[in-house]
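Have a look at the structure below, then the notes.
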Amino acid sequence: MSQARRYLLRNQDIPDIDRIEVYEANQGYQALRQAFNQYEPAALVEMVKASGLRGRGGAGFPTGVKWSFLPDDGRPRYLVVNSDEAEPGTFKDRELIEHNPHQLIEGMIISSYATRAREAYIYCRGEFRRGAEQLRRAVAEAYRHGYLGENILDSGFSLDIKIYRGAGAYICGEESALLESLEGERGNPRLKPPFPAVAGLYGMPTVVNNVETICNLPPLVLNGAEWYRTMGTEKSPGLKIMSVSGPVNRPGNYEIPLATRLRVLIDEYAGGMRDQRGIKAVIPGGSSVPVLTADQLDTPLDYESVLAAGSMLGSGGCIVIDERTCMVGVAARLLKFYREESCGKCTPCREGTYWMTDVLNRIEAGEGKPGDLELIADMADNIGGKVFCPLGDAALGVVVSAMKHFADEFEAHIKEHACPMGARLYYDTVNH
Amino acid sequence: MKPHWETWAEEAKAEFPRANSALLPLLHRIQAEEGYLSPQTLAEVAGLLDLAVPYVESVVSFYSLFYQRPTGRRVIHVCTGLSCALSGSDQLMHRLEAKLGIQQGQTTPDGEYTLLEAECLAACDKAPVAQVNLRYRESVDLEAAEELLKGEVES
Amino acid sequence: MIRLTIDDQQISVPEGTLVADAAAKLGIEIPVYCYHQALGPLGACRICLVQVEKMPKLVTACTTAVQEGMVVHTRGALVDKGRQGVLEFLLINHPLDCPVCDKGGECFLQDYAFSYGASAGRYDEPKIHKLKDAPINEFIILDQERCVLCQRCVRFMGEYVGEEQLMLEGRGVQTVVATVDHQPVVSPFAGNVIDLCPVGALLSRPYRYKARPWNLERVESVCPHCPVGCTTLATGRDGHVVRVEGRPEADRHWGWLCDRGRFGYDFAYLPDRLLAATVEGEERSAAEAQRTVGGWIAQAVASHGPESVAILVGGQHTVQEANQIARFAREVIGTERVAMVRSTRGYLPSALNGTFEDIERADTVVYLGGDPYESVPVVHLKLRDRYRQFPDLKVIGIGSWVLTRSTLPGQDVVVEPGQEVAVLAAALKIAAGEQEAVKVLTANLGDWRPSLTGVDPAAVEDRLRELGQSLLGSEHLVLLWDGKDAEMESVLHAIKTVREERSAVLPMFGPANWRGFEQAGIDPHFDRLDSVLDDCIAGRVTTLLVFGGDLLREYPDRRRAEEALAAVERVVQEGCFAPEGQEHYHAIVPGAGWGEVVGSYVNLEGRPQTAGAPATPPGQARPVRTYLLAWAHALKKNLVFEDEGRLPGMAAAARAAVAPVTRPGDLARGDDELVMVGNTEVMEGGLPSEYLASRVAEYPGRVSPQDALRLEIGQQGGRLVVEGSDDTIMVNAAPDPRVPGGRMVLPYGIQESPLNRIGEGATVKVYRREEVGAR
Ligand SMILES: Cc1cc2nc3c(=O)[nH]c(=O)nc-3n(C[C@H](O)[C@H](O)[C@H](O)COP(=O)(O)O)c2cc1C
Ligand code: SF4
Ligand code: FES
């Protein structure tokens, strides 16, 4: 299928759009002018609400509604853009900041205008060295061109954007841990309530939004809420970027109208499976969500449908797993990630991910024991819903669903004291 | 302590409403220059920002990109996330370990290379990936492993 | 009020109450590790899971606020399973060393594992190894493997005390509690983490392996080291106190202690504890000493009349003991020459005395003369508590050096030594000179203006006005007074008279139980002590009985005290340790001390508190009553002590209210001269302790950095010769930026450097020790 016109990933069509001149020549900062001219801040919030845009950071919370939670009490407000993208399988925000930073900046100015924030931060994952450089350069350009600073485009609105680099911690993608980190602390999540909208950065009302969420604003303002609703479903309207990885012919980021079918994403956008391999499972929304199986490929990729299928759309990190890959290996590998990234504050996540990883590694290595699977299931029960923040729950998504859908494979490991797939986690190297 | 750190500290402080926020930016800048953050450096940073030393130590120890031991001129991060593992990143890591004669987590005796494991680097479409001093190297198959070790690098 | 149901019981609690606290009010125990009311919710350990109807998941009781109509279940299959899971997780990396752990028997992990029956032995993987038995200072050992990462210790030190000396290091399962680079923790409040730690990760070094909790008795006690009178639990074994812990009191306080109180209990069995009596320099049996001294007293009364016998009371005696002594004086001997051993001259009438509730409500706190952190440490914590609740708390230090510190930031008015009273009076005059009380107070001041350190003379007036306004205009004023200058009483009266809102004073001076002695009928006024000494010097006293205390060490003018002792025919000392200047004493009898007799202490709030006796008096040491009864017998008098638990409840009469204060003289001090300033510090002087030896300052004297430079004692400090007008002492002193030039601050009661040989306020010449020979 030929890609329809792209809105969020225009960098894939327009070379050098990361340069402000190129961006401006392609309708860049037009949406900002239009926002200033056509909307009062409150009206802009209403428009975003009407569009039905939902947060693309993972939870899918309606963006306009989130903005409207800010208390109107005269305190300074902050906009914080979450660019800590570290969820295994997800790589869309990195492309957006590296290749089209002005789109994000324009979106941020519009969002700040709507929420009346005078200062905005981009929390950029520490590993994104180039991303941070691109953002720095683009922000400087935006200042030079009068899009940032005092009285932007004579609108009376002023905004400063600052870039803050993380330093290696997945948990800092969780919004309250992110704010802690931004305040120079260890990245431990905060107790909620109060929510950031009420007491966020420096205790002030704060909006935290994902990079992709904010990048939706320029096209949304230019084309209007109704246009946005022409795509997707009633509850999940609009566009979503899906990051596809695994043994497909064209791994990469794809902008799809929500409710596009998973099969279409894999076969048409990503070019189908490499070497015609069969699909065993798909993790549709980043490493935190349960797996879907080969018979669920017709699931429409919108928040409700994926949920109904037993998983979540999450951050849109779609990892395709082929039939020759060992699911115990997949589960063990993902769990190791959560063990490394658990902040360590709460007991079940800290100790549970540690223990469970050990047991899974053991099973994968052929040293599983009878009762191990029950033990893992019970551990999952002791972690799930009992942790301080969603990281601990997220650790369970793949493991629990894989054990459910591929019980035979897990049991075989234990019975045969070996991996029935021949201990194959990887299918080959890149040069095939 | 280097005299310009004071200037850096002032710059970092000026950027944020609260001095604590200046901590990570200042540490990044100093580490880029020093290669790592020694206990002495951390005490100095604490002094510059008027923070307690244990506070600074505690914060630093939380983040994997702050190095508390000396590192090589090239810090190589090999992504071991799922997508990269599916593309052979473990084999890549083993190859590098053999080539350099060190285990992951270690630095070569000549101070040239530090080999580290990274969690998903958000480049799964280019798996397996690595970073050299946080610059991406994509689709690093076993042959390309050699390339990782060569070429000029910025710190 | 919010109404809710917990385990079928109804309760109403204020909005914002946490479920854990509401349950506690009903006596329902919800297990907690990370939660502590003083530190607030954290939600880290997850052991406090409860079920709330209509909520999809279990919630943590320590982070969930009550809601109207909420229905909570604190037990049940779901809850128990949740807690069991958490416990199991906590145990996977926890060593199985309960049998050798000092916390065994009083460990939350053990207790809860027992109640929730954590499924044993499912964990087969290797445990993570961390640091074990690592001392974090002289008193505390850390075992990272036993730690459950509840963060209580880290939060207590950082957030509560404000001295960030413990930290979390690392992330995830590798997280540990640590100090920086193995540097010792030096805060005097660090010992509290032993009480706070719910498991055996932080343990007392002195108590280590001393006993197992289940074969010990802990009795309720009170700390005897300073007038705060913190409530404690004292554990005895084999007649000794082997441990002191804080004892919280519901709705009153958290049971914090300072390390002086927590670890300073070893005095009772130090080698120089008095175990036998000495008469005329010869060791005697207790019975013989009793007889001999009884004979002396009888003889004195017979030959020179009852008034020839005088009695001084000090030390750690209880209220009951003091009352027994008072009754002995009055009923057996018939002498009115009874006084208290004092170091400072001030007196605080009960009417002005405040309580800790005043601190809980204060908006302004003024330190008069001393820093509570040093003299009454746990008051500092109470102030921190208030500051945490009320960050606008105004703290003002008025003294001859900077009294405030970073943990409780405030402003200082640094005055010339000894001018606190006059400065306050001057401030009141500027702020409210028209008031009658202020007129009387300042009648002698005239146009006197102080010079204030670091304040331009032209700005002094404004500074004083500001101070006066803070004193008079604040909403709830708390003054903490060092008791040095007796004239302060007038100022305090004046402040109280002029103010419309409440003001309250808390006395920071000793003896620790002075209020108790007062209630027992011993006149606490310093001039009473002076008049007894006058009587001694004038030959009107032939026999002096000193109960506790150490006159030569404590009395501010050592020469005069020596003169008095020398003038008396027979001086008898009762106490736990031999007094200084033993040559002056004709008999010394060993007394029972704190922990060895049951009795009460009245603290600086005027609150009586009872201390039990987990220990027994060593050797021939006897309680005071034994001596008193024996001596009454020698005088053929009948003395009956009964109902000793009851407090006597007498108080000395209050004296005149506001009187004019003295106008300070001109300042005259050579460029190279210093003025001596005394200070009460709980770590210095007082009862000896080997455990605390390392905490006693090596350089207790403090001078300004400039003076230190001139005296060439370096950053570390050095030995100085301090030459007064008619005596010379050696002082180890170090620079302290809080001390302004031209003064030396020296704690009272340091044996090697007796300030009372030189005199507080004296102008002295100071040399480095090496220079002495050269001169
Ligand atoms: C463990 C964890 C990691 C997260 N990481 C990210 C992230 O990297 N980027 C992101 O935008 N949101 C992340 N989130 C979600 C954020 O907490 C937050 O919901 C989001 O930034 C809100 O933006 P949105 O409303 O635009 O989606 C994470 C959440 C959790 C619990
Ligand atoms: S679930 Fe607990 S330990 Fe895990 S990241 Fe969240 S707070 Fe930290
Ligand atoms: S006591 Fe509630 S989570 Fe620790």
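The values are calculated or read from the model by the stated rules, or taken from the named source; none is laboratory data. Everything quoted here is computed from the prediction, not taken from an experiment. Here Cβ is always computed from backbone atoms with ideal geometry, including for glycine, and neighbour counts include all displayed protein chains. The accessibility values were calculated without ligands, DNA or RNA, using every heavy atom of the protein model including side chains. Shrake-Rupley method; radii C 1.70, N 1.55, O 1.52, S 1.80 Å.
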Checklist outcome for this item: Within 10 Å of the Cβ of an average residue in A:348-360, the count of other chain Cβ atoms is 6
Item to check | Spatial separation of Cα centroids for the stretch C:225-248 and the stretch A:1-64, in angstrom | outcome: 68 Å
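Looking at the stretch A:209-330 only, what percent of DSSP beta bridges run antiparallel? Nearest 5 please.
Values: 15 of 19 bridges.
If I count the DSSP bridges inside the stretch A:209-330, around 80 percent turn out antiparallel.
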Checklist entry - Considering every pair of different Cα atoms, what Kirkwood radius, in Å, is found for the stretch C:2-90? => result 12.9 Å
Checklist entry - With a sphere of radius 9 Å drawn around the Cβ of A:Ser236, what net charge do the other residues whose Cβ falls strictly inside it have (Lys, Arg +1; Asp, Glu -1)? => result 0
Item to check | Nearest 10 degrees, 0 to 90: helix A:407-416 Cα axis against chain A principal axis | outcome: 40 degrees
Item to check | Solvent accessible area, Å² - C:Lys132, 1.4 Å probe, full protein context | outcome: 80 Å²
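Arrange the residues A:Val400, C:Val764 by how much accessible surface each exposes, largest first, with a 1.4 angstrom probe.
Details: A:Val400 75, C:Val764 0 Å².
Heavy-atom accessible area, descending, gives A:Val400, C:Val764.
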Checklist entry - Using Cα atoms only, what is the angle between the long axis of helix A:101-115 and the major principal axis of chain A, expressed in degrees (0 to 90) to the nearest 10? => result 70 degrees
Next on the checklist: Check which residues have an amide H placed less than 5 Å from A:Gly60's amide H, if you skip close sequence neighbours.
Outcome noted: A:Gly55
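List the accessible area buried at the contact between A and B, summed over both sides and calculated with a 1.4 Å probe, in Å² to the nearest 100. Kindly include the intermediate steps, with their values, before the conclusion.
Values: alone 17360 and 8670 Å², together 21660 Å².
The summed interface area works out to 4400 Å².
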Item to check | Local electrostatic count at C:Thr235 - Lys and Arg +1, Asp and Glu -1, tallied over other residues with Cβ under 10 Å | outcome: +2
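Keeping all protein chains in place, calculate the accessible area per residue for the stretch A:135-227 (probe 1.4 angstrom), answer in Å².
On the way: 2800 Å² over 93 residues.
I get 30 Å² per residue for the stretch A:135-227.
Mind checking the full-extension length gain between C:Glu461 and C:Leu96? Use 0.36 nm per residue of separation minus the Cα-Cα distance, one decimal, nm. It would help to have the intermediate numbers written out before the result.
Details: separation 365, 0.36 × 365 = 131.40 nm, distance 6.80 nm.
Net length gain for the segment: 124.6 nm.
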Item to check | q = 0.04, 0.07 Å⁻¹: log10 I(q)/I(0) that the Debye formula gives for the protein assembly as shown, counting C-alpha atoms only | outcome: -0.31, -0.85
Checklist outcome for this item: Excluding ligands, DNA and RNA, the carbon-plus-sulfur percentage of the accessible area of the stretch C:673-774 with a 1.4 Å probe reads 48 percent
Checklist entry - For C:Gln299 and C:Ala538, FRET efficiency with R0 = 25 Å and r from the beta-carbon atoms, rounded to 0.05? => result 0.75
Checklist entry - A:Arg118 label point, 7 Å along Cα→Cβ, cut-off 15 Å on backbone N: hits in the stretch A:126-156? => result A:149-152, A:156
Item to check | Modelled label reach - C:Glu770, point 7 Å along Cα→Cβ, the stretch C:724-758 residues with backbone N closer than 19 Å | outcome: C:730-735
Next on the checklist: Taking the Cα of C:Glu282, stepping 7 Å toward and past its beta carbon, and measuring to each backbone N in the stretch C:288-317: which are under 13 Å?
Outcome noted: C:288-289, C:292
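Taking only DSSP H segments of four or more residues, each worth -39500 (n - 2.57), what value at 222 nm results for chain A once the sum is divided by all its residues, to the nearest 500 deg cm²/dmol?
Numbers: 17 runs with 173 residues, N = 432.
For chain A, the value works out to -12000 deg cm²/dmol.
Out of the DSSP beta bridges found with both residues in the protein assembly as shown, what percent are antiparallel (nearest 5)? Walk me through the numbers before you get to the answer.
Details: 81 of 157 bridges.
Within the protein assembly as shown, antiparallel bridges account for around 50 percent of the total.
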Checklist outcome for this item: Which residues qualify? For C:Val546, with a placed amide H closer than 5 Å and at least 5 residues away or on another chain, they are C:Leu312, C:Val572, C:Gln573, C:Glu574
Item to check | Solvent-accessible area buried by B and C, counting both chains, probe 1.4 angstrom, square angstrom | outcome: 900 Å²
Checklist entry - If packing is taken as the mean number of other Cβ atoms within 10 Å per residue, what is the order of C:157-167, C:455-465, C:751-761, highest first? => result C:157-167, C:751-761, C:455-465
Item to check | Peptide-level mean, for A:160-170, of C-beta atoms on other protein chains within 10 Å | outcome: 5
Item to check | Angle in degrees between helix A:217-229 and the longest Cα principal axis of chain A, rounded to the nearest 10 | outcome: 70 degrees
Item to check | Relative packing of peptides A:247-260, A:62-75, A:298-311, A:198-211 - highest average C-beta neighbours within 10 Å first | outcome: A:198-211, A:247-260, A:298-311, A:62-75
Next on the checklist: Just to check I understand the Karplus step: with θ = phi - 60° and J = 6.51 cos²θ - 1.76 cosθ + 1.60, what whole-Hz values come out for the stretch A:133-147, glycine and proline as x?
Outcome noted: 5, 4, 5, 4, 5, 5, 5, 4, 4, 5, 4, 4, 8, x, 8
Item to check | Fully extended contour minus Cα-Cα distance, from C:Leu709 to C:Glu642, at 0.36 nm per residue | outcome: 18.0 nm
Item to check | Spin-label pair A:His417/B:Glu97, simplified geometry with 7 Å Cα→Cβ offset, distance in nm | outcome: 2.4 nm
Item to check | Residue of A:Asp295, A:Asp322, A:Asp93 that the Gaussian network model of chain A assigns the largest fluctuation, springs spanning Cα pairs under 10 Å | outcome: A:Asp295
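Once you list every other residue whose beta carbon is under 15 Å from the beta carbon of C:Val478, what net charge do they have if Lys and Arg are +1 and Asp and Glu are -1? Walk me through the numbers on the way to the answer.
Working: positive: C:Arg361, C:Lys382, C:Arg384, C:Arg386, C:Lys394, C:Lys496, C:Arg499, C:Arg502; negative: C:Glu357, C:Asp358, C:Glu360, C:Asp363, C:Asp371, C:Asp385, C:Asp392, C:Glu475, C:Asp482, C:Glu501, C:Glu605.
My count for the surroundings of C:Val478 gives -3.
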Next on the checklist: Students sometimes get this wrong: rank B:Ile30, C:Ile2 by accessible area, probe 1.4 Å, all chains present, largest first.
Outcome noted: C:Ile2, B:Ile30
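I'd like the mean, over residues of B:136-144, of how many other protein chain beta carbons sit within 10 Å of each residue's own Cβ. Write down the numbers at each step before the final one.
Working: counts 6, 0, 1, 3, 2, 5, 3, 2, 3.
Other-chain Cβ atoms within 10 Å of each residue's Cβ, averaged: 3.
As a test of reading the structure, rank C:Asp251, C:Asp266, C:Asp195 by solvent-accessible area (1.4 Å probe, protein chains only), most first. Numbers along the way, then the final one.
Working: C:Asp251 160, C:Asp266 5, C:Asp195 55 Å².
Listed by decreasing accessible area, they come as C:Asp251, C:Asp195, C:Asp266.
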Item to check | Calculated P(r) of chain B - Cα pairs past 27 Å, % | outcome: 33 percent
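So if we plug the beta-carbon distance of C:Gln67 and C:Gln37 into 1/(1 + (r/R0)^6) with R0 = 25 Å, what FRET efficiency do we get, rounded to 0.05?
Working: r = 20 Å, r/R0 = 0.79.
For R0 = 25 Å, the calculated efficiency reads 0.80.
Counting heavy atoms of the protein chains only and a 1.4 Å probe, report the per residue accessible area for the stretch B:1-106 as a whole number of Å².
On the way: 4110 Å² over 106 residues.
Heavy-atom SASA per residue in the stretch B:1-106 reads 39 Å².
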Checklist entry - What is the Cα radius of gyration of chain C over 2.2 N^0.38 Å, N being its residue count? => result 1.03
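Calculate how many DSSP beta bridges within chain C are antiparallel, expressed in % of all such bridges and rounded to the nearest 5. Can you show the working numbers first?
Details: 57 of 106 bridges.
In chain C, DSSP labels about 55 percent of beta bridges as antiparallel.
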Checklist entry - So what J values fall out for the stretch C:134-139 if you push phi through Karplus, 6.51 cos²θ - 1.76 cosθ + 1.60 with θ = phi - 60°, rounded to Hz, Gly and Pro as x? => result 9, x, 9, 6, 5, 10
Checklist entry - In a GNM of chain A with a 10 Å cut-off on Cα contacts, which of A:Leu313, A:Leu44, A:Leu53 has the highest mean-square fluctuation? => result A:Leu44
Next on the checklist: Please list, ordered by chain and number, the residues whose modelled amide H lies under 5 Å from the amide H of C:Asp412; skip anything fewer than 5 residues away on the same chain.
Outcome noted: C:Gly397
Checklist outcome for this item: On the formula 1/(1 + (r/R0)^6), with r taken between the Cβ atoms of A:Phe69 and C:Asp7 and R0 of 45 Å, the FRET efficiency rounded to 0.05 is 0.80
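What does the highest-first list of C:702-711, C:566-575 look like by mean Cβ count within 10 Å?
Numbers: C:702-711: 19.8, C:566-575: 22.2.
Packing proxy ranking, top to bottom: C:566-575, C:702-711.
What shape does the stretch A:10-229 have by the C-alpha gyration tensor, where a ≥ b ≥ c are the square roots of the eigenvalues, rounded means a/c under 1.5, and otherwise prolate means a/b greater than b/c and oblate the rest? Display every interim value, and only then the final one.
On the way: a/c = 1.44, a/b = 1.13, b/c = 1.27.
Taking the square roots of the gyration eigenvalues as a ≥ b ≥ c, the stretch A:10-229 is rounded.
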Next on the checklist: Buried accessible area between C and A (1.4 Å probe, both chains summed, ligands and nucleic acids excluded), in Å² to the nearest 100?
Outcome noted: 2800 Å²
Checklist entry - What nm value, rounded to one decimal, do you get for the distance between B:Gln40 and C:Met730 when each label is placed 7 Å out toward the C-beta? => result 3.7 nm
Next on the checklist: Roughly how far apart, in whole Å, are the Cα centres of the stretch C:550-580 and the stretch C:50-83?
Outcome noted: 66 Å
Checklist outcome for this item: Computed ³J(HN,Hα) along the stretch B:118-123: with the Karplus parameters 6.51/-1.76/1.60, θ = phi - 60°, integer Hz and x for glycine or proline, the list is 10, 7, 2, 8, 6, 9
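Given the Cα atoms of the stretch A:17-117, and with Rh set as the inverse mean 1/r over their pairs in the Kirkwood sense, what is Rg to Rh to two decimals?
Values: Rg = 14.6 Å, Rh = 14.9 Å.
Rounded to two decimals, Rg over Rh is 0.98.
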Next on the checklist: Suppose the chain between B:Glu112 and B:Leu149 were pulled fully straight at 0.36 nm per residue; how much longer would it get relative to their current alpha carbon spacing?
Outcome noted: 12.4 nm
